Amino acid sequence: MKRTSTFSERLRQGLEASGMKASELSSITGISKSSISHYLKGDWEGKQDAVFFISKALNVAEAWLMGYDVPKERTTTTIEIPVTENIIPIPKMKKVPLLGTIACGEPILAEENIESYIDMPSNIHGTFALKCKGDSMINARIFDGDIVYIRQQPNVENGEIAAVLIDNEATLKKVYRYPTRLELRAENPTFTPLEYEGEDMNKVRILGKAVYFFSKVR
């Protein structure tokens, strides 16, 4: 199989075609922003685990992303990629809780909140998972039924996607915090941002940052 391009060139093409920013790719895959930057500059060659997660996020074939002369479209067919010393095995999996309805006043990982346990790549620093409902996050490539892995933490940076608790229901939103108000934005222009001011800000609880998602083949 002939290699006709480089990983960095294909990564740039994939990002441009998807309309995704490098920072969004970092959030979705759990790969640090600095690593994404090195990949784009061509400083680093993508290792197999990074290629796997990036190709999944961009919905392109892994071999195409690595620069090989193969179709760009991601399929269920496995294409054999030559093994090199730079490639490491796909990571092992571990179990994390998939949360359902959140019981009022209970710790987020209380047993009554856990619907089941599901697999997560061991190199993803997630604490629990949520199943996305509806189409409010489609511009972030998160669709109805997708599994989103969350790293539990009380705050996130402005513009990051977080799991937030509103009226005992966990939902995904982009968070923007200002001195006197909190704004939660969907990734779908048909949804109006949710705004909370003053004491109403206490009605919203940030559960954690979205670090990776698993999407069905569409």
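The values are calculated or read from the model by the stated rules, or taken from the named source; none is laboratory data. Every value quoted in this text rests on a predicted model; they were computed, and no experiment measured them. Here Cβ is always computed from backbone atoms with ideal geometry, including for glycine, and neighbour counts include all displayed protein chains.
Here are the numbers:
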{"item": "Residue check, V156 assigned to a loop (DSSP other than H, G, I, E, B) and either within 15 Å of the chain's Cα centre (by Cα) or surrounded by 14 or more Cβ atoms within 10 Å (Cβ to Cβ) (or both)", "result": "yes"}
{"item": "Residue check, E195 modelled with pLDDT under 90 and more than 24 Å from K56 (Cβ to Cβ)", "result": "no"}
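Residues checked against (1) touching a His at 6+ places or on another chain (Cβ under 9 Å); (2) assigned to a strand (DSSP E or B); (3) crowded, with 19+ Cβ neighbours inside 10 Å; (4) in contact (Cβ under 8 Å) with a residue 40 or more places away in the chain:
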{"residue": "G134", "(1), (2), (3), (4)": "no, no, no, no"}
{"residue": "N139", "(1), (2), (3), (4)": "no, no, no, yes"}
{"residue": "I142", "(1), (2), (3), (4)": "no, no, yes, yes"}
{"residue": "R151", "(1), (2), (3), (4)": "yes, yes, yes, yes"}
{"residue": "Y176", "(1), (2), (3), (4)": "no, yes, no, no"}
{"residue": "T192", "(1), (2), (3), (4)": "no, no, no, no"}
{"residue": "G208", "(1), (2), (3), (4)": "no, yes, yes, yes"}
